[in-house]
Amino acid sequence: MTLTLRQNWCLQAKLYPRILAAMKPGATLGLSHGFLLGVMRNDGVDFRKDINVVLVAPKVKSIPAFYNWKSVVRGSPNR
């Protein structure tokens, strides 16, 4: 069975309570996109105050635009 990107993100989003609960105080959670932030906001949940959270993500309007940007930055031809 092949999952779409959206289905994969939705499945991952269901895991965040377990992941946050398993983190030790002072640990850092790194995010590469803002999807989890939207899910948590919809659930009315915030990050624990005893962990650090960093988000490192380019600001693009779509996933295909991001991959196009990445290929230009690396100097490789668009595919």
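The values are calculated or read from the model by the stated rules, or taken from the named source; none is laboratory data. The structure displayed is predicted, hence computed values, not measured ones. Note that each Cβ is placed from the backbone with ideal geometry, even for glycine, and that neighbours are counted across all protein chains shown.
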Count of the stretch 48-57 residues which are assigned to a loop (DSSP other than H, G, I, E, B) and under 14 Å from the mean Cα position of the chain (by Cα): 2
Residue within the stretch 29-39 that is within 11 Å of the chain's Cα centre (by Cα), within 16 Å of Ala57 (Cβ to Cβ), exposed (fewer than 10 other Cβ atoms within 10 Å of the Cβ) and at pLDDT 85 or above present: yes
Residue match in the stretch 8-17 (condition: touching a helix residue (DSSP H, G or I) at 6+ places or on another chain (Cβ under 8 Å) and at pLDDT 85 or above): yes
